[in-house]
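The values are calculated or read from the model by the stated rules, or taken from the named source; none is laboratory data. Computed from a prediction, not measured in an experiment: that's the story for all the values here. Neighbour counts are summed over all protein chains in view; Cβ atoms, including those assigned to glycine, are modelled from backbone coordinates with ideal geometry.
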Amino acid sequence: MSASERADERPRRTIVRLRVNGAVREVAVRPQDTLALALRDGCGLTGTKIGCDLGTCGCCTVLLDGRPVLSCLTLALEAEDREIATIEGLSEGARLHPVQEAFATCGGSQCGYCTPGFVMTSVAFLRDHPAPTRDQIKDAIAGNLCRCTGYVKIVDAIEVAADRMRRASVPEPDPALQPSA
């Protein structure tokens, strides 16, 4: 078989439109390329980590249409024209998302490799469960693994983030409606 015949057997790349963190990106992918690879190699968004590449560790978690997915098991082609949020898209300029901030202040990470997956899982969880119990938090992060911690500070960070997010969403009372002293 000649070199040109072997080249014809290689999977051809297709251009996909990925809507990542509010911006449209066009990325050339092969049919078997995962979303994790497309984000890291095609978009330069290296915050999404590839840990096990088997869907067991949760390091690669991103939000797809607002729901956490394992990007190492999701084909890039499946994500075309859908909303993708990565760890890079959570902050607003220098202002961290409350979950990111809580992980930093509570020591919710040690080496930090798994942290993006925990943060993305937590963001989606807290959106749907603003006042979770510790047991609910533990259940929510059960698909994310950390080899460095005992998970106590991770759960603490998620609790702190939930509290901060609840307080931030409560509007200040109108002074005109307060009883006079």
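As a summary of the residue check, Val24 satisfies the conditions (1) under 24 Å from Glu159 (Cα atoms); (2) exposed (fewer than 14 other Cβ atoms within 10 Å of the Cβ); (3) modelled with pLDDT of 95 or more; (4) among the aliphatic types (A, V, I, L, M) except for the one numbered (1).
When we screen Leu63, Leu96, Leu70, Leu90 for residues that are more than 21 Å from Cys111 (Cβ to Cβ) and either touching an Asp or Glu at 6+ places or on another chain (Cβ under 6 Å) or of a type in the set (A, V, I, L, M) (or both), the only hit is Leu63.
Scan the stretch 7-60 for residues that are in contact with a Cys (Cβ under 9 Å, 6 or more places away or on another chain), in a loop (DSSP other than H, G, I, E, B) and farther than 17 Å from Ile87 by Cα and jot them down. Within the stretch 7-60, Cys52, Asp53, Leu54, Gly55 qualify.
Taking the stretch 64-95 as the range and being under 14 Å from the mean Cα position of the chain (by Cα), under 22 Å from Asp156 (Cα atoms) and not hydroxyl-bearing (Ser, Thr, Tyr) as the test, the residues that pass are Pro68, Ile87, Leu90.
This table checks each residue for (1) without any contact (Cβ under 8 Å) to a residue 40 or more places away in the chain; (2) touching a Lys or Arg at 6+ places or on another chain (Cβ under 8 Å); (3) assigned to a helix (DSSP H, G or I).
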| position | (1), (2), (3) |
| --- | --- |
| Asp81 | no, yes, no |
| Glu88 | no, no, yes |
| Gln100 | yes, no, yes |
| Thr105 | no, no, yes |
| Gly112 | yes, no, no |
| Met120 | no, no, yes |
| Val123 | no, no, yes |
| Arg147 | yes, no, no |
| Asp156 | no, no, yes |
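The set of residues from the stretch 33-51 being free of Cβ contacts under 8 Å to residues at least 12 places away in the same chain, at negative phi and over 14 Å from the mean Cα position of the chain (by Cα) comprises just one member, Asp41.
Within the stretch 8-32, residues that are free of Cβ contacts under 8 Å to residues at least 24 places away in the same chain reach partners that are polar (S, T, N, Q) and part of a strand (DSSP E or B) with beta carbons closer than 9 Å, at six or more positions or on different chains, in the pairs Ala28/Thr14; Arg30/Thr14. The set of residues from the stretch 53-70 being surrounded by fewer than 17 Cβ atoms within 10 Å (Cβ to Cβ), touching a residue at least 60 places away in the same chain (Cβ under 8 Å) and of a type outside the set (Ser, Thr, Tyr) comprises just one member, Gly66.
Looking for something surrounded by 12 or more Cβ atoms within 10 Å (Cβ to Cβ), of a type outside the set (D, E, K, R) and more than 21 Å from Cys60 (Cβ to Cβ) - is there at least one such residue anywhere in the stretch 132-149? Within the stretch 132-149 (the criterion being surrounded by 12 or more Cβ atoms within 10 Å (Cβ to Cβ), of a type outside the set (D, E, K, R) and more than 21 Å from Cys60 (Cβ to Cβ)), the answer is yes, since at least one residue qualifies.
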